[in-house]
1. Say the dipole of region 1-97 comes from +1 at the beta carbon of Lys and Arg and -1 at that of Asp and Glu; which of 13, 60, 28 then lies farthest toward its positive end?
2. With everything on Cα atoms, drop me the angle between helix 132-146 and the longest principal axis of the chain, reported from 0 to 90° to the nearest 10.
3. What list of ³J(HN,Hα) couplings, whole Hz, do you get for region 14-29 from phi and the Karplus terms 6.51, -1.76, 1.60, once you set θ to phi - 60° and write x for glycine and proline?
4. Counting other Cβ atoms within 10 Å, keep those with at most 13, restrict to DSSP loop, and tell me which chymotrypsin sites (Phe, Trp or Tyr not before Pro) in region 95-150 are left.
5. Could you pull out the trypsin sites (Lys or Arg not before Pro) across region 11-120 that fall in loop regions by DSSP (anything but H, G, I, E, B) with no more than 16 other Cβ atoms inside 10 Å?
6. What accessible area per residue comes out for region 1-44, rounded to a whole number of Å², with a 1.4 Å probe?
7. What percent does the relative contact order of the chain come to when contacts are Cα pairs within less than 8 Å and at least six residues apart?
8. Within the accessible area of region 1-125, what % is carbon and sulfur when the probe is 1.4 Å and the other protein chains stay in place?
Amino acid sequence: MDTYLCKAYLKTASLIAKGARAAAILSGCAHDTAMWQDVGYAYGRNVGIAYQLVEDVLRGPARARVTGPVLFAAEEHPELRPLIRRDLAGEGDVEKARDCVSRSQGVERTCALALSYAEKAREALAFLPDSEHKSALDILALTAATRTWL
């Protein structure tokens, strides 16, 4: 799971985290600039991971794409482990993974994990003063983890 979350960070969350950090830099805030950069980075990192987890739930298993639902399903269905080691590249691997995911708590556990990352993002916002912008960021974090569209 750690490798998967690292890939989620590198694929999606790093861009959002660094963009949020850049926004803090470009905002011209004169005091505690480093703190605001850290807040932006933490928010963006967690929103990005939540977004990628949900993206992987919505797309489902695919060749050469081992996702959170598949990894969680493997805890209930050990027969998935060899398929994961070969990145679902064998004949029938994707179909077998889809079947195991559908008979497991993989999707539910991945969605719960996405919600926990969204909550971490929302917690980072506690450092910001109340404003419509903070409210929008709060809604964005929750939406990243609960959306039902690609």
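1. So the residue furthest toward the plus end is 28.
2. Here the helix axis deviates by roughly 0 degrees.
3. 5, 5, 5, 4, 6, x, 5, 5, 4, 4, 5, 5, 6, 5, x, 4
4. On the way: sites: 117, 127, 149; in loops: 149.
Here the chymotrypsin sites (Phe, Trp or Tyr not before Pro) that fit, given the DSSP loop and packing criteria, are 149.
5. Taking region 11-120 and a limit of 16 other Cβ atoms within 10 Å, the loop trypsin sites (Lys or Arg not before Pro) found are 63, 86, 103.
6. Numbers: 2650 Å² over 44 residues.
Accessible area per residue: 60 Å².
7. Values: 219 pairs, mean separation 39.6, N = 150.
Value for the chain: 26 percent.
8. 56 percent
The values are calculated or read from the model by the stated rules, or taken from the named source; none is laboratory data. Source: prediction; values computed, not measured. For neighbour counting, all protein chains shown are included, and Cβ atoms are generated from backbone atoms with ideal geometry for every residue, glycine included. Surface areas here come from the heavy atoms of the whole protein model, side chains and all, with no ligands, DNA or RNA. Shrake-Rupley method; radii C 1.70, N 1.55, O 1.52, S 1.80 Å.
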